[in-house]
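Written below as structure tokens is the structure these notes are about.
The values are calculated or read from the model by the stated rules, or taken from the named source; none is laboratory data. Owing to the predicted nature of the structure, the values given are computational and were not obtained by experimental measurement. In this analysis, Cβ positions are derived from the backbone assuming ideal geometry, glycine residues included, and neighbour counts consider all displayed protein chains.
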Amino acid sequence: MASTMSSIVASVWDTDKVYLGSRSLSSIIFIGVACALLIRSFIYVRLACTSHSVLLLNYNQRFRLAYSTTLRHVPGPWYAKFTDRGLKANDVAGNRWYYVQALHKKYGSIVRIAPEEVAISDPKVVSKVHALGTEFRKRQQPGTPFNIFSISDPKAHRTRQRFYAKAFSDETLKASTEPAVRQLVETAVAGIKQDATETKDRIADVYKWCMLFGSDVAFHVIYGNSHTNGLMATHKSTDEVIMGAYLQRMIAWAQFCFPVFLLGRWLSPISPTLHSIFRVEKKYADFWEEGQRQRDIAAKTVFVQNTKYSKNDGVFSVSDEVKLSDVDIAHDITTFLGAGGEPVGASLVFLIWQVLGMPDLQRELEAEVAAITEPLTDATLSQLPILNAIIYETLRLYGGGVTQMPRYAPTATDLGGYIIPPGTAVVTHTGALHRNPAAWDDPET
């Protein structure tokens, strides 16, 4: 048997059929195993060296960012020079707004919050970063679809702005939405009263109705039929309104600690809580599938009225220069529903909470509104000083639009006396901006 095996082995590499004995065959096997172990050891050594090299390069880069760039002069917590873990941890906890707000209070209106990220709240600096024609550009963030809010090309963004300009003009919004908003208000108030009547303790979930109301207003602006297809009419939950926030939290976990993110996804089938954190894309995918179906009904939106439609390429045209495809519109619709509904609902919740906590102000507001006659119109309500002051102060202190809106420095730029290197993320913190003592008297009240 050994002789037969030896002949087979020998025939593979020797055309003269040099037969090997069993001892020679064992030696060859031994040499082969030794070579395999040697190669494996070499690979391990190379991997170890590569890993150490990567670590050394990583640490070298961290120290370079910490001390060798002009960002070293920007105030902030010491660990922000080396890592963004502090920021990401607060993203995971849903606490970023309060975390950055506390840093602004401690370090001032320009704060380094990560190795390559600064937060700003100085009005002049904010104006410079977000002014028309600014050189600071957006970048598409992880997990965000390509839409009007993520486009970084100014020309493409202007095209979308021009396409939607008429639908979002003050004149169009007042004419098309004022009666509908009045009816949606009545629906929400009736729902709050019904909840209070049907519960044992006469308690109503005002948060729920405000969030659904805000979403239905956005729905009506886009489709014009929120009375029959809106969230209040179809008895949906608030999860439909804040789904984007859930998705951002899941992405934050992936960026903060990827092994924990993978573990959470693996365990999600046995835990509804973990499923709601680490499998959000399941719900979001259903919502996005609905968004894809909106491609087929894009012609029903108010945006495409008085436009020309090409069936061949699915493009709606306002003019030869201003045109969008049905897919582009579908992506923007999903964004408008999220960005238009949640901030309206959240701001309304804070407004009611603030007014109810100030009985004297509540009586003054009720007396002011009771003094005007029906019908209540936008023109009439805009003349009420107390009502409008409350609305503006609510938006200043508790405005629903708290997105960081990062912009990236194109070149070395002076912001508030600090040189910001190119590629640095600059985020505007609206909470600190609207509470800046240099811009507001008694800013916290």
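Would you check which residues across the range 258-283 are in contact (Cβ under 8 Å) with a residue 12 or more places away in the chain and either of a type in the set (A, V, I, L, M, F, W, C) or not assigned by TED's automatic domain parsing to the domain that holds L337 (or both) and list them? Before you say what the answer is, go through the steps one by one.
In the first step, residues of the range 258-283 are kept if they are in contact (Cβ under 8 Å) with a residue 12 or more places away in the chain; the result is 261, 264-265, 276-281, 283.
Listed by number, the residues that qualify are F261, I277, F278, V280.
Please work out if A114 is modelled with pLDDT of 85 or more and closer than 25 Å to Q101 by Cα. Working first, answer last.
Details: modelled with pLDDT of 85 or more: yes; closer than 25 Å to Q101 by Cα: yes.
Yes: the conditions hold for A114.
Please state which of the following conditions I390 fails to meet, knowing it meets all the rest: (1) among the β-branched types (V, I, T); (2) over 30 Å from Y98 (Cα atoms); (3) not in a loop (DSSP other than H, G, I, E, B).
Result: I390 passes all but (2).
With the requirement that a residue be of a type outside the set (A, V, I, L, M, F, W, C) and in contact (Cβ under 8 Å) with a residue 24 or more places away in the chain, what does the range 173-199 give you? Walk me through how you get there before you give the answer.
Residues of the range 173-199 that are of a type outside the set (A, V, I, L, M, F, W, C), as a first pass: 174, 176-179, 182-183, 186-187, 191, 193-195, 197-199.
Scanning the range 173-199 gives K174, S176, T177, E178, R182, Q183, T187, G191.
Run down A102, A156 and say which single residue is in a helix (DSSP H, G or I) and over 28 Å from M250 (Cα atoms). Lay out the reasoning, then the answer.
On the way: A102 fails: over 28 Å from M250 (Cα atoms).
Just one listed residue meets the conditions, A156.
Restricting attention to the range 76-99, which residues are assigned to a loop (DSSP other than H, G, I, E, B) and in contact with a strand residue (DSSP E or B) (Cβ under 6 Å, 6 or more places away or on another chain)?
Within the range 76-99, the subset assigned to a loop (DSSP other than H, G, I, E, B) is 76-77, 82-84, 93-95.
Within the range 76-99, G76, D84 qualify.
What residue, of V426, V355, is in the same structural domain as L103 (by TED's automatic domain parsing), modelled with pLDDT of 90 or more and surrounded by 15 or more Cβ atoms within 10 Å (Cβ to Cβ)?
Working: V355 fails: in the same structural domain as L103 (by TED's automatic domain parsing).
None of the other options fit; the residue is V426.
Just to check your reading of the model, which residue among V302, V241 is within 29 Å of V185 (Cβ to Cβ), surrounded by 13 or more Cβ atoms within 10 Å (Cβ to Cβ), at pLDDT 75 or above and in contact with a Gly (Cβ under 8 Å, 6 or more places away or on another chain)?
Working: V241 fails: at pLDDT 75 or above.
The unique qualifying residue is V302.
Return the residues of the range 423-438 that are in contact with a Phe, Trp or Tyr (Cβ under 8 Å, 6 or more places away or on another chain) and free of Cβ contacts under 8 Å to residues at least 60 places away in the same chain; say none if nothing qualifies.
H434
Look through the range 138-170, keep the residues that are touching a strand residue (DSSP E or B) at 6+ places or on another chain (Cβ under 8 Å) and exposed (fewer than 14 other Cβ atoms within 10 Å of the Cβ), and return whichever of them is modelled with the lowest pLDDT.
Result: R139.
Out of the residues in the range 212-230 that are at pLDDT below 80 and touching a Ser or Thr at 6+ places or on another chain (Cβ under 9 Å), which is surrounded by the most Cβ atoms within 10 Å (Cβ to Cβ)? Break it down into steps so the answer makes sense when it comes.
Of the residues in the range 212-230, the ones at pLDDT below 80 are 223-230.
Now restrict to residues that are touching a Ser or Thr at 6+ places or on another chain (Cβ under 9 Å): 223-224, 226-228, 230.
Numbers: Y223: 19, G224: 16, S226: 25, H227: 15, T228: 8, G230: 23.
Checked the range 212-230; the qualifying residue surrounded by the most Cβ atoms within 10 Å (Cβ to Cβ) is S226.
Could you please give the count of residues in the range 393-443 that are closer than 30 Å to G214 by Cβ and either in a loop (DSSP other than H, G, I, E, B) or aliphatic (A, V, I, L, M) (or both)?
Of the range 393-443, the ones closer than 30 Å to G214 by Cβ are 393-407, 425-436, 439-440, 442-443.
Now drop any that are not either in a loop (DSSP other than H, G, I, E, B) or aliphatic (A, V, I, L, M) (or both), which leaves 395, 397, 399-406, 425-427, 429, 432-436, 439-440, 442-443.
Summing the residues that are closer than 30 Å to G214 by Cβ and either in a loop (DSSP other than H, G, I, E, B) or aliphatic (A, V, I, L, M) (or both) in the range 393-443 gives 23.
Determine if the range 132-151 includes at least one residue that is of a type in the set (G, A, S) and assigned to a helix (DSSP H, G or I).
no
Take the residues of the range 372-416 that are small (G, A, S), farther than 19 Å from S127 by Cα and at pLDDT below 90: which is surrounded by the most Cβ atoms within 10 Å (Cβ to Cβ)?
At the first step, the residues of the range 372-416 found to be small (G, A, S) are 379, 382, 389, 399-401, 409, 412, 416.
Pick out the ones that are also farther than 19 Å from S127 by Cα and you get 379, 382, 389, 400.
Now drop any that are not at pLDDT below 90, which leaves 379, 382, 400.
Values: A379: 9, S382: 9, G400: 21.
Ranking the candidates gives G400 first.
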